[in-house]
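Read the structure below first, then the notes.
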Ligand code: BEZ
């Protein structure tokens, strides 16, 4: 099944390293960073798991719960987490879904047969508190993900939700944002009393406080 931005993230119940979870009740009022890995005890995955654990505070500040997945068992995950902690200098606390029968990986289209029939590619789903998929990314097995980008996307989505804006290329929090073309100049004057710059009628920027 192919999932799109705006779809409801399919609910599932699964065994994880933190016990049984059911996605929609586990996520509660939080955002979810749901990300898949080809396999336990693999080098790229080990660094990604370590990085996610290192960024725990940054995810928490943004009300985001990380949730990993690979197509191995809870027992294997738990053994591997010890290696992650040891080699990456972290204490990994977020849950990792066990999916040895590939049920969830298939549900989320994480199995790309030209890469592997049994191991998930590196998928990312950013899911909002209403259980809507807000971002999907798919990386090949050989490429570790950019976690600055994952946090940046969350910042952009949350700022967009709050302020009704869009963000330009390579935007970072604090930089100018874009007023969407669907907002008229009149509405923009009301919504952004701090003013805005019109570079072209379709390209208007403003500063957020
Ligand atoms: C890794 O996580 O290190 C990895 C997994 C599958 C293929 C290549 C690298």
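The residues 30, 70, 2, when put in order of fewest to most other Cβ atoms within 10 Å, stand as 2, 30, 70. For the stretch 34-117, the relative contact order is 35 percent, taking Cα pairs closer than 8 Å that sit 6 or more residues apart in sequence and dividing their mean separation by the residue count.
With 0.36 nm allotted per residue and the present C-alpha distance subtracted, the residue 205-residue 83 stretch has 39.2 nm of extension available. Contact order for the stretch 144-209, expressed relative to its length and based on alpha carbon pairs under 8 Å spaced 6+ residues apart, stands at 25 percent. Classified by the C-alpha gyration tensor, the stretch 6-112 has an oblate form. Its axis ratio a/c, with a ≥ b ≥ c, is 1.5 or above, and a/b does not exceed b/c. When each of the peptides 44-55, 165-176, 193-204 is scored by the mean number of other C-beta atoms lying within 10 Å of its residues, the order from highest to lowest reads 44-55, 165-176, 193-204. For the stretch 154-205 versus the stretch 7-25, the spacing of their alpha-carbon centroids is 35 Å. Hey, in the GNM for the chain with a 10 angstrom Cα cutoff, which one of 56, 18, 105 fluctuates hardest? Top of the fluctuation ranking is 18. The calculated 222 nm mean residue ellipticity attributable to helices in the chain amounts to -9500 deg cm²/dmol, summing -39500 (n - 2.57) over DSSP H runs of n ≥ 4 and dividing by all residues.
One chain, two ends: residue 18 and residue 103. Fully extended at 0.36 nm per residue, the span grows by 28.7 nm beyond their Cα-Cα distance.
Determine the shape class of the stretch 132-209: with a ≥ b ≥ c the square roots of the Cα gyration tensor eigenvalues, call it rounded for a/c under 1.5, and otherwise prolate if a/b is greater than b/c, oblate otherwise. Prolate.
Using 12 Å as the cut-off for backbone N distance, which residues of the stretch 159-176 belong to the label zone defined by a point 7 Å from the Cα of residue 184 along Cα→Cβ? What the label zone holds, given the 12 Å backbone N cut-off, is no residue at all.
Principal-axis analysis of the Cα atoms of the chain puts helix 74-88 at an angle of about 70° to the longest axis. A Gaussian network model of the chain, with springs between Cα atoms under 10 Å, assigns the largest mean-square fluctuation among 149, 86, 186 to 186. By the beta-carbon count within 10 Å of each Cβ, the least crowded to most crowded order of 107, 69, fewest first, is 107, 69. Against the chain, whose longest principal axis comes from its Cα atoms, helix 43-54 is set at around 60 degrees. Here the extension length gained between residue 149 and residue 42 equals 36.3 nm, from 0.36 nm per residue of separation less the Cα-Cα distance.
No value in this document is a laboratory result; all are computed from the given coordinates. Just so it is clear, the model here is predicted, and its values are computed rather than measured. No Cβ is skipped: glycine too gets one built from the backbone with ideal geometry, and neighbour counts run over all protein chains shown.
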